[in-house]
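Let me begin by presenting the structure, written as structure tokens, before commenting on it.
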Amino acid sequence: MQSSQTQSYFLPGTEIEIINPALPRGQFRSVLFDFDGTLSLIREGWPDVMIPMMVEILAAQPTHEPEDQLYRLVEGFVMRLNGRQTIYQMIQLCEEIRQRGGTPEDPLVYKRMYYERLNRRIAGRIEGLRSGRIAREDMLLPGAIELLEALRRRGLTLYLASGTDEPFMKEEARLLGLTEYFNGGIFGALDDYRRFSKQMLIADMFRRHGLRGPQLLAFGDGFVEIENTKEFGGVAIGVASDEVRRCGINQWKRDRLVRAGADIIIPEYRQHAVLLEYLFPPDCGGAATG
């Protein structure tokens with residue numbers, strides 16, 4: 001995590017906040033992107049589905065706090081686990097049920113219940129993308145495609161990883177026209193959650209390609225991918241996206257991403273050209289090859 005003594009600053013004329021001025025630049029070979037909230041807006045509003053569902057379940061247990069207290073409790077652990085596979089939030093729900101005298105179902109039962117509710121919320125978005133009624137640009141953070149194209153032109157290997165179940169996120173990535181950019185692969189959550197995590201994926205990237213820490217660049221709007229990237233010595237860009245307005249900084253996200261260790265904070269990708277000029281100074285050349 002960043003030192004409280006670090007003096008952040010903004011690149012001139014931008015909303016690009018440099019949290020760690022000493023970050024290593026210009027050596028990048030691989031880039032990891034989170035999906036929901038970092039690129040895709042299809043699942044915007046998911047906490048408004050998950051949190052009330054969990055509060056409803058906990059309020060039905062033999063002992064429980066008032067609903068406002070339950071809401072704060074659930075919001076805390078749901079957002080703390082954001083970025084990990086959805087099943088981890090359901091595992092925590094099961095523990096909270098036990099603490100209140102209940103007997104929980106298998107975590108997969110709650111995960112499927114959540115997906116059923118969320119799918120009802122986003123069904124119109126999915127149908128709209130499939131039919132062409134909704135333009136893919138309306139379901140992406142602004143500048144996302146331009147950034148991906150620019151990174152590929154630099155010869156970088158791009159990976160996409162999500163805590164959302166893999167079949168769902170692969171289909172959503174396809175609908176958004178993102179699949180072609182991720183030559184490193186697209187990875188999502190599995191029912192056997194022990195077989196995948198962002199940390200495991202990063203470790204595999206380092207092992208397969210002989211990466212050193214500063215050769216990894218990551219973009220994410222959740223605590224987990226930022227923290228995992230820093231554990232491996234990579235450079236982490238926190239995307240503090242306002243998913244409703246599609247512009248400007250979500251201050252709550254920004255503060256959490258800084259605590260997770262983000263080196264840079266951005267709102268979206270409208271200023272991607274300036275960001276890339278900063279990340280790849282002219283004297284560093286393009287992607288590192290060593």
State yes or no: is Ile266 touching a Leu at 6+ places or on another chain (Cβ under 9 Å), free of Cβ contacts under 8 Å to residues at least 40 places away in the same chain and within 18 Å of Leu158 (Cβ to Cβ)? no
Taking the stated definitions as given, is Asp36 acidic (Asp, Glu) and assigned by TED's automatic domain parsing to the domain that holds Ala240? yes
Need the failing condition index for Arg84 against (1) more than 27 Å from Ile134 (Cβ to Cβ); (2) touching a strand residue (DSSP E or B) at 6+ places or on another chain (Cβ under 6 Å); (3) modelled with pLDDT of 95 or more, just the number. (3)
In region 177-201, residues that are in a helix (DSSP H, G or I) and closer than 30 Å to Val109 by Cβ total 7
Please give the number of the condition Met50 fails out of (1) surrounded by fewer than 19 Cβ atoms within 10 Å (Cβ to Cβ); (2) under 21 Å from Arg256 (Cα atoms); (3) of a type in the set (A, V, I, L, M). (1)
Within region 21-47, take every residue that is among the small types (Gly, Ala, Ser) and under 16 Å from Val244 (Cβ atoms) and give me the one that is surrounded by the most Cβ atoms within 10 Å (Cβ to Cβ). Ser40
Can you name the number of the only condition in (1) surrounded by 20 or more Cβ atoms within 10 Å (Cβ to Cβ); (2) assigned to a helix (DSSP H, G or I); (3) not acidic (Asp, Glu) that Gly238 fails? (2)
Report yes if Glu243 is within 23 Å of Glu149 (Cβ to Cβ), under 13 Å from the mean Cα position of the chain (by Cα), charged (D, E, K, R) and buried (at least 22 other Cβ atoms within 10 Å of the Cβ), otherwise no. no
Please work out which residue is nearest to Gln27 (Cα to Cα), limiting yourself to region 202-214 and to residues that are in a helix (DSSP H, G or I) and more than 22 Å from the chain's Cα centre (by Cα). His209
Which one is surrounded by the fewest Cβ atoms within 10 Å (Cβ to Cβ) among residues in region 150-185 that are closer than 13 Å to Asp36 by Cα and among the aliphatic types (A, V, I, L, M)? Leu176
Options Leu156, Leu176: the member that is at pLDDT 95 or above, under 19 Å from Gly234 (Cα atoms) and either among the basic types (Lys, Arg) or in contact with a Lys or Arg (Cβ under 7 Å, 6 or more places away or on another chain) (or both): Leu156
Report yes if some residue within region 95-105 is over 18 Å from Val244 (Cα atoms) and touching a residue at least 60 places away in the same chain (Cβ under 8 Å); otherwise report no. no
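The values are calculated or read from the model by the stated rules, or taken from the named source; none is laboratory data. If you're wondering where the values come from, they're calculated on a predicted model, not measured in any experiment. Neighbour counts run over all protein chains shown; Cβ positions are idealised from the backbone, glycine included.
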